[in-house]
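Notes follow the structure.
Values in this text are rule-based calculations from the coordinates and carry no lab data. Predicted model, so just to flag it, every value in this text is computed and none were measured. Cβ coordinates were reconstructed from backbone atoms using ideal geometry, including for glycine residues, and neighbour counts include every protein chain displayed.
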Amino acid sequence: MNRKRQVLLLKLATWVLGLGPLSWLVWLTLTRQLGVDGVDTLLHKMGDFALIILLTGLAITPLRRLTGWNVLIRIQRLVGLFGFFYLTLHFLTYLVLDQTLDWEFILEDLTKRPYAVVGFAAWLLLIPLAVTSTRGWVRRLGKRWQKLHRLVYVAVALGLLHFYWQVKADTLWPLVAATVYVVLLTLRVLPRTASNRLQGEQ
Amino acid sequence: MLIRKPNDIPSSEITPESVYVDRRRFIADATKLTVAGAAGGVLLGQGRDLFAQEGQVQQVDWSQMRSELGEELNSYEQATTYNNYYEFGTGKGDPVRRAQDFEPRPWSIAVEGACANPGTFDLEDFIRPSTMEDRIYRLRCVEAWSMVIPWRGFPLKDVIDRAAPTGNAKFVEFTTLYDPDRMPGQRRNVLRWPYVEGLRLDEATHPLTILATGLYGRDLPNQNGAPLRLIIPWKYGFKGIKGIVKMRFTERIPRNSWAIATPHEYGFYANVNPEVDHPRWSQAREDRLSAASFGFIPRRNWIPTRMFNGYGDQVAHMYDGMDLRTNF
């Protein structure tokens, strides 16, 4: 299969997988299968998807190094943007369905409650990353682009903290996600020589 | 608090067509209704006597009933499918799904500690001396949601009086069944098992405090804490321990499970208090669950939270001089 077709299929798969969760949530809503805690279900699932997709994005570079499938870089932006998309949906669900746009309570949450503060900060951090994700910006920022986009690790870390602080007693999944994150971060940071070679190809 | 006497209540409210009630007998029970009404909530009379007539199935249109503040009741379905009962899982829908096979009989309750009449009692013997009452109470969860539910039960005071606590007894401690085979949620230590709760003795003997064996005129389903659970309507719901197997009179303050798990978030007294926020959310308002909560696009129904969950005129005196911010 030639490279062009590879990329096309990869992008198609990413679009399908990216819109899949949203379609599923819409379907659950339409068929009244959200369960008894509808708002919480939507909120949590959107948060879960955002985290999974962002972690997938962080896995791309380690995967490229391990497998040599450099074509994966062609979907990295798309994956990142989908992560931001679900995170924004998560935030909007919180604002509209959960808080019913009661700005007094929202302001209190976002400024006084640690779990909400870090969650909000994570989303804010991703905004400049989403905006500068285009090729135009890559050119404009040059070397600084790479440095700026390392902030995604900070954003995801804040998101993990938000997740961990938000649960009442069951810390299993936050800890699993944190473990995955640490592994990916380690893989990213470690093999320096391989990293230099690959970056030459970009 | 509104004590409703029979002539206050329009007959359309009390006797909708689906209700088989002897009207004359209801009015004759007026004394019982008023006296029982002094304890709190709206009482529908003594459950067993009023509704259980020979051979007749009791049917009450609960949707017509109101709390003493005029609030609508939640439906039986809402109250029995939206539950926090970590012994069967941490999701709200877990208990109804995973408690179906739980067998709440035979069941025995141990009474221990600083009392004159300790012992172990079969459930039927334990509740037989008491008269069941139906009480419409607000249930306010610490998570800031609430429902209005008609519990069926009897005053905890009945049991305490029979046990005869000694002068050393300052508190009552309750314990839930520990059996991971029958309670799958206990296979993981999300909380330290078994679940423990407690009350100060005056709180335990307060007329509003009941042991519930049913709701909506029916036996407690497993997911609501069958066969016996505690209801203290002016406190957060987690104080309402379910599946009780032991009561112990103690001198020292009990260490309740949520206070052990997260001491800076959950305390012993846990009085509903809009002025003292939970560290992670406001307690000034609550999501009063309604059909819209479970509707097509689920919606919150935020209403202001009342001090002591609206039972302040009957319970506030027990906390005179106490700093409710430190004793949360």
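Here are a few things to note about the model shown:
- Taking amide H atoms as placed 1.01 Å from N in the peptide plane, the amide H of B:Lys170 lies under 5 Å from those of B:Thr250, B:Glu251, each 5 or more residues away in sequence or on another chain.
- Stretching A:Lys11 away from A:Lys143 to a fully extended chain increases their span by 44.9 nm, per 0.36 nm per residue minus the current alpha-carbon distance.
- Computed over neighbours whose Cβ is under 13 Å from that of B:Asn301, the net charge equals -2, Lys and Arg +1, Asp and Glu -1.
- Of every Cα-Cα pair in the range A:74-142, the percent that sits beyond 17 Å: 52
- Percentage, to the nearest whole number, of Cα pairs in the protein assembly as shown over 30 Å apart: 57
- Note that the range A:22-123 carries a Kirkwood radius of 15.2 Å, evaluated over its alpha carbons pair by pair.
- Of B:Lys92/B:Lys170; A:Lys45/A:Lys168; B:Lys170/B:Lys235; A:Lys45/A:Lys143; B:Lys157/B:Lys239, those spanning more than 27 Å from alpha-carbon to alpha-carbon: B:Lys92/B:Lys170; A:Lys45/A:Lys143
- Cα-Cα separations in the range B:138-212 greater than 17 Å, expressed as whole percent: 61
- Most mobile listed residue (A:Leu43, A:Leu160, A:Leu107) in chain A, GNM with C-alpha springs under 10 Å: A:Leu107
- For the range B:234-287, alpha-carbon Rg relative to the globular expectation (2.2 N^0.38 Å, N residues): 1.27
- Two-decimal Rg/Rh across chain A, once Rg and the Kirkwood Rh are taken from alpha-carbon atoms: 0.99
- Among beta bridges that DSSP assigns inside the protein assembly as shown, antiparallel share in %, nearest 5: 90
- Normalised convex hull volume, the range B:259-328, alpha-carbon set, Å³ per residue: 110
- Fluctuation leader among A:Leu28, A:Leu81, A:Leu54 - chain A, Gaussian network, Cα springs under 10 angstrom: A:Leu28
- CD proxy at 222 nm, helix term only [per DSSP H run n ≥ 4: -39500 (n - 2.57); per residue of chain A; nearest 500]: -26500 deg cm²/dmol
- Kyte-Doolittle mean at least -1.0, axial Cα span of 30 Å or more - DSSP H helices of chain A: A:3-30, A:38-67
- Proximal charge balance of B:His278 [Cβ under 10 Å; K/R count +1, D/E count -1]: -1
- For the segment B:90-97, counting C-beta atoms of other chains within 10 Å of every residue's C-beta and taking the mean gives 3.
- Database remark: amide H of B:Lys235 closer than 5 angstrom to the amide H of B:Val272 (H placed geometrically; neighbours at sequence offset of 5 or more, or on other chains; Pro and chain starts carry no H).
- Taking a sphere under 14 Å around the Cβ of A:Asp48 and counting the other residues whose Cβ falls inside, with K and R at +1 and D and E at -1, yields a net charge of -1.
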